[in-house]
Amino acid sequence: MTQQPVTAVYLTAPATQIVTNELRTADHITETGGILLGHHTHDTVTVHHAGTPGPAAVRTPTFFLRDLAHAQALADEAFANDGSVWVGEWHTHPTSRPIPSARDAATYGQLLNDPELGFHSVIAVIFARHAGRWEGAAWACRLGRIEPVRMQLSGSTG
Ligand SMILES: [Zn+2]
C-alpha cells in the first residue's frame, strides 16, 4: 500500500451518520466537530469512523478544539476494531465559508510536523452554513500546502 497525495475523501455510512447527526443537532453559533479515523490507500482516504466533539471540547463561534481524552478513546477503539488510524478531523464554520482558517492551517501544520504522529496528509472536512443548510468541503494538508479534494458522503451523490 503506497500513499500518494490525496485527491479524494470518502466517508463510509457509519462515519456519515455520526457527522450528519451532529450537524442536525448542532447549534448554528458555535463550532463543532471531531476526529476522522480510517485508511489512506493510494490517492484516497476512506473514513471509517468520525468522532463527536466530546464533553470537554472547546467550542466558540470561530474555533473548535477536540476533547483529547474523548478522541483518544475513539481512536483506540477504531484501531482495535479495523486498524483505522487518525487521518484528520472535521469541524463546522457556522458563520463563514468551508475553507480552513489561518488558525486551522496552523493546527494542521503542527500535526504534520510531529514525527510521532506520522501523518502523510491531514484531511480537513469543513461544513459551513449556506442558504439554510450545511455545505461540506474536504481539504488535504501536506507540506505547507492545503488543496481542495473531492469528497463523497455515503448515500449522497457527492
Ligand atoms: Zn476552522
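What follows draws every value from the coordinates through simple rules; no lab data is involved. Since the model is a prediction, treat every value here as computed from it, not as a measurement. Positions of Cβ are generated from backbone atoms using ideal geometry, with glycine treated the same way; all protein chains shown enter the neighbour counts.
Rounded to the nearest 500, the 222 nm mean residue ellipticity of the chain from helices alone is -8000 deg cm²/dmol, with -39,500 (n - 2.57) taken per DSSP H run of at least 4 residues. The long axis of helix 13-25 is offset from the longest Cα principal axis of the chain by roughly 20 degrees.
Could you work out the relative contact order of the stretch 3-145, using alpha carbon pairs under 8 angstrom and six or more residues apart, expressed as a whole percent? If you can, show how the numbers build up before the last one.
On the way: 289 pairs, mean separation 31.5, N = 143.
Across the stretch 3-145, relative contact order equals 22 percent.
Ranking His70, Ala26, Trp86 by Cα position along the charge dipole of the chain, where only Lys, Arg, Asp and Glu carry charges on their C-beta atoms, puts Ala26 farthest toward the positive end. Extension gain, Arg103 to Val58: 0.36 nm times the residue separation minus the Cα-Cα distance gives 14.8 nm.
Spin-label model, Ser96 to Leu111: label points 7 Å out along the Cα-to-beta-carbon direction sit 1.7 nm apart. Note on the chain: GNM, Cα springs under 10 Å; of Pro115, Pro100, Pro53, the largest mean-square fluctuation is that of Pro115.
Against the main long axis of the alpha-carbon atoms of the chain, helix 68-82 sits at an angle near 50°. Computed about the Cα centre, the dipole magnitude for the chain is approximately 520 debye when only Lys and Arg (+1) and Asp and Glu (-1) carry charge, each at its Cβ.
The share of C-alpha pairs in the stretch 3-145 whose separation exceeds 28 Å stands at 10 percent. At q = 0.18, 0.27, 0.31 Å⁻¹ the log10 of I(q)/I(0) for the stretch 80-121 amounts to -0.65, -1.01, -1.14, computed by Debye summation with a single uniform scatterer per C-alpha, solvent ignored.
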